[in-house]
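J.: Have a look at the structure that comes next, please.
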Amino acid sequence: MGEGDRDSMPVLQWIAAIREMIMSAWKKTLLLLGGGHSHAIALKEWGMNPLSDIRVILLNDVAYTPYSGMLPGQVAGFYDYEDTHIDLRRLARFAGSEFCIDQAVGLDVAQKQVICQSRPPIAFDYLSIDIGSTPNTITIPGANRYAIPAKPVSHFLPQWDRIVAQVQQAPQQPISLSIVGGGAGGVELAFNIQAHLARCFRQAHQPETHLELHLFHRGDTLLSGHNPGASRRVEKALKQRGVQLHLGETVKEVTETQVICDSGLNIKCDVVFWVTQASAPPWLKDCDLKTDEKGFILVENTLQSLSHDFIFAAGDIATMADSPHPKAGVFAVRQGKPLIQNLRNIILNQSLQNYHPQKRYLALLGTGNRSAIASWGKLSWQSPLLWLWKDKIDRKFMDRFRDLPAKMESQKPELKPPVMYCAGCGSKIGHDTLKSALQRLDLTSDASIIFGLNAPDDAAVVEISPEDCDGYLVHTIDGFTSLTNDPFTFGKIATHHSLSDIFAMGASPKTVLTQVTLPHGSEAIKAEILYQVLAGVTEVLSEYKISLVGGHTTEGEDLALSLACNGMVQKSCLLTQNNLKPNQALILTKPLGTGVLFAGDRQYRTKGKWIDFALESMLLSNQKSAKIFQDYNATACTDVTGFGLCGHLLEMVKASQVSVKINLDKIPFFDGAVAMVEAGILSSLQPQNLAIASEISTPDTIQKLPQYQLLFDPQTAGGLLASVPPEAAEACLQQLQAAGYTHSQIIGFVGVEGETEGAIAIE
């Protein structure tokens, strides 16, 4: 090779790097099924050091995952919900992961997809499972119906809160509780239940003997698997606290009022808690994964499935074939880092590393009175100092997920030459990609559609029936870049948002066209994202028998969706913005604050429960509220979206040439919205919306309030704002709230004739 050839090598390598990046944009999908301890740690590690060409999805049935180490302390009343739960939505945002909330009900290994309860299947290239376990109640008559399982925690805690509230509200009434299962979980639950309820009775000046607590265990000693000293300490402490132990007893039936044992022992009780051996979900046995005799996934020491090399499992749902260990949170926590490292390794075609669980582990059992019992190997001891140590360890663990660090430049993927993607028609999605997504959709069929997606042409053609001619055609288009990291949910939100313009005018939507912009990636991933988005769109459309008749696709940096909606309305039913009447009441159907909440979400500043509440509202259609407004003789209506409440209201006021007075105290706001404004977080559209503030009469004291800023906050899938006759306002409001618009409020009134036209006064 000559000198000139050597000089050309860097250029050739640079060209190869460009080609590699073009080929690698979102090459594979990694699906994390379950939000257990291992996956929480894995997401944190991934967020600190992501692989830029991998699409990551987290699928879990709830947005908050419990930390098992602190749950007994929550039962005792030492911690609140946020102390003991990891905010998965916020963590997923930090990790750059999509986050889908649903229950997995099946696994199609051959097609590489997880079957969900309430959404389309989710496809993957690599799968990691960390869904925990549940107590086994299947074989005991009555247990499934009458007992409260300790898992899932999301079901257990509301039941426990109800019991605490019952005791606090009627402390003069005795209560009898039973716990079935004398392992570490049952023992610790007994300690903390007794401590909390005894404290409730003392605070109400009632005797602690009002609480009768029974613990059933089929073994002759408690704490199976731990040393005899720990078992003796536990039994002695429980008896001192008045807990009645029933050892060597096998529960054979649970009824509404009693626990029945094989020995003939019958104990009357008001509530039964079930904390027996863990079990796996039944659907795992129906797929081709290799499992143990109890249905748990068998894995290598690398946490890789014995039967499928593209599937991993960790936490309670996994059984290590060569290194079996108890189902305990301490192992799940320590599996997090090796799990994510091996997921990286298999993606990068590198060797996997073995995880070696410790042979002995320290168990710290909180006794509900700020003390703890320790079990380690053959040793055991009890001390309040152990509780302080345990509390410090647990809080330090949870702090890892609250104080998410800013991503440093050194933590970002290595910068590579930019990819020059095509524009114009070159940015369209390929025919095969589009076809593969559309074939999976269940499209609504309508005989009036002459040409649509089922029989495509250059444009859709819809026949107008004679009965539709005595009215108006209504057309609108709307859309935006995705504000949630779940394509399916985004498709539903964008559809509700776009249809809202049709509903606000009293019209009925007939057909919809879509414009989808998909992030760059492999053809398979683009087809999957397109399918998820359109599945969200068609789920909403099918509810109202609206037809998706066509659309267009392009590639871009971010996922975006627009919908062109067409509808019809009878002339007598048309609602407009320009028909406010003097003395009418103004009713708003949804809270304000989506703009600031999702601005804060991008900075990891919101709480997951705030976003969950906002999404629930955004997924509530305005169709029923529009019909209710028509039933109560509304004369003007608009949907509150991008211009904010004041922007849309000002349009109505000017068009109607009236004035209005708004009561700021009556306006509903989303949880967390005020906190975001107080933290200085506003939507990027806020300054433009605030430009109309000079046209609004507002005292200086009100202008300084964060709630005032939210009147200009742009809303996505916001509610309707309508005017109804004053005599119908209260009845209309009650009807709206009964229909699911629970935050509807009468926020003000239209001024009397003669007052300044085109003015808004906020009081």
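J.: Of everything in region 647-669, what is in contact (Cβ under 8 Å) with a residue 40 or more places away in the chain and of a type in the set (Asp, Glu)? Give them in sequence order.
T.: Of everything in region 647-669, just one residue is in contact (Cβ under 8 Å) with a residue 40 or more places away in the chain and of a type in the set (Asp, Glu), namely GLU651.
J.: Are any residues in region 309-366 small (Gly, Ala, Ser) and at positive phi, and if so, which ones?
T.: GLY315
J.: Right, next: Pick from ALA195, ALA190: which is part of a helix (DSSP H, G or I), modelled with pLDDT of 95 or more, in contact with a Ser or Thr (Cβ under 9 Å, 6 or more places away or on another chain) and of a type in the set (Gly, Ala, Ser)?
T.: Testing whether each residue is part of a helix (DSSP H, G or I), modelled with pLDDT of 95 or more, in contact with a Ser or Thr (Cβ under 9 Å, 6 or more places away or on another chain) and of a type in the set (Gly, Ala, Ser) leaves just ALA195.
J.: A further question follows. Take the residues in region 673-697 that are among the polar types (S, T, N, Q) and over 15 Å from TYR708 (Cβ atoms), then tell me which one is surrounded by the most Cβ atoms within 10 Å (Cβ to Cβ).
T.: GLN688
J.: Still on this structure: Identify, from the list PHE669, PHE643, the residue that is among the aromatic types (Phe, Trp, Tyr) and modelled with pLDDT of 95 or more.
T.: Result of the check over PHE669, PHE643: PHE669.
J.: Tell me the helices (runs of 4 or more DSSP H) entirely within region 670-748 that contain at least 3 residues that are under 13 Å from VAL596 (Cα atoms) and without any contact (Cβ under 8 Å) to a residue 24 or more places away in the chain.
T.: Once the helices (runs of 4 or more DSSP H) in region 670-748 are filtered for at least 3 residues that are under 13 Å from VAL596 (Cα atoms) and without any contact (Cβ under 8 Å) to a residue 24 or more places away in the chain, nothing remains.
J.: Can you tell me which residues in region 211-250 are closer than 14 Å to GLY181 by Cα, in contact with a helix residue (DSSP H, G or I) (Cβ under 8 Å, 6 or more places away or on another chain) and in a strand (DSSP E or B)?
T.: LEU213, LEU215, HIS217, LEU245, listed by residue number.
J.: Which fully enclosed strands (runs of 3 or more DSSP E) of region 262-325 have 1 or more residues being more than 31 Å from the chain's Cα centre (by Cα) and under 30 Å from PRO158 (Cβ atoms)?
T.: 266-268
J.: Out of all the residues in region 580-632, which are closer than 19 Å to THR716 by Cβ, part of a helix (DSSP H, G or I) and either touching a His at 6+ places or on another chain (Cβ under 6 Å) or free of Cβ contacts under 8 Å to residues at least 12 places away in the same chain (or both)?
T.: Correct list: GLU616 only.
J.: For region 382-406: of the residues being of a type in the set (A, V, I, L, M, F, W, C) and free of Cβ contacts under 8 Å to residues at least 40 places away in the same chain, which is farthest from PHE331 (Cα to Cα)?
T.: Only one residue fits best here, namely ALA406.
J.: Somewhere in region 41-58, is a residue polar (S, T, N, Q) and at pLDDT below 95?
T.: Yes, region 41-58 contains a residue that is polar (S, T, N, Q) and at pLDDT below 95.
J.: Which of the residues that make up region 104-127 are surrounded by 19 or more Cβ atoms within 10 Å (Cβ to Cβ), part of a strand (DSSP E or B) and touching a helix residue (DSSP H, G or I) at 6+ places or on another chain (Cβ under 6 Å)?
T.: Selection gives ALA123 alone.
J.: While we're looking at this one, here's another question. Taking only pairs six or more apart or across chains, which ones have beta-carbon atoms under 7 Å, a first residue in region 149-171 that is of a type outside the set (Phe, Trp, Tyr) and surrounded by 13 or more Cβ atoms within 10 Å (Cβ to Cβ), and a second residue that is at pLDDT 90 or above and part of a loop (DSSP other than H, G, I, E, B)?
T.: Going by the 7 Å Cβ cut-off, the qualifying pairs are ALA150/VAL275; SER154/VAL62; PRO171/ALA204; PRO171/GLN206.
J.: Would you be able to tell me the number of residues in region 77-116 that are of a type in the set (A, V, I, L, M), over 21 Å from ASN485 (Cα atoms) and in contact with a strand residue (DSSP E or B) (Cβ under 9 Å, 6 or more places away or on another chain)?
T.: 3
J.: Any idea which of (1) small (Gly, Ala, Ser); (2) under 30 Å from ASN369 (Cα atoms); (3) in a strand (DSSP E or B) is the one SER38 doesn't satisfy?
T.: The single condition SER38 does not satisfy is (3).
J.: In region 149-163, is there at least one residue being assigned to a loop (DSSP other than H, G, I, E, B) and more than 28 Å from VAL234 (Cα to Cα)?
T.: No, region 149-163 contains no residue that is assigned to a loop (DSSP other than H, G, I, E, B) and more than 28 Å from VAL234 (Cα to Cα).
J.: Does THR641 satisfy being β-branched (Val, Ile, Thr), in the same structural domain as GLY751 (by TED's automatic domain parsing) and touching a Gly at 6+ places or on another chain (Cβ under 7 Å)?
T.: Answer is yes for this residue.
J.: Still on this structure, please answer the following. Looking only at region 282-319, which residues are without any contact (Cβ under 8 Å) to a residue 40 or more places away in the chain and either within 15 Å of GLY106 (Cβ to Cβ) or touching a Pro at 6+ places or on another chain (Cβ under 7 Å) (or both)?
T.: PRO282, LYS285, THR291, GLY295
The values are calculated or read from the model by the stated rules, or taken from the named source; none is laboratory data. Since the model is a prediction, treat every value here as computed from it, not as a measurement. Reconstructed Cβ throughout: ideal geometry from the backbone, glycine too, with neighbour counts over all protein chains shown.
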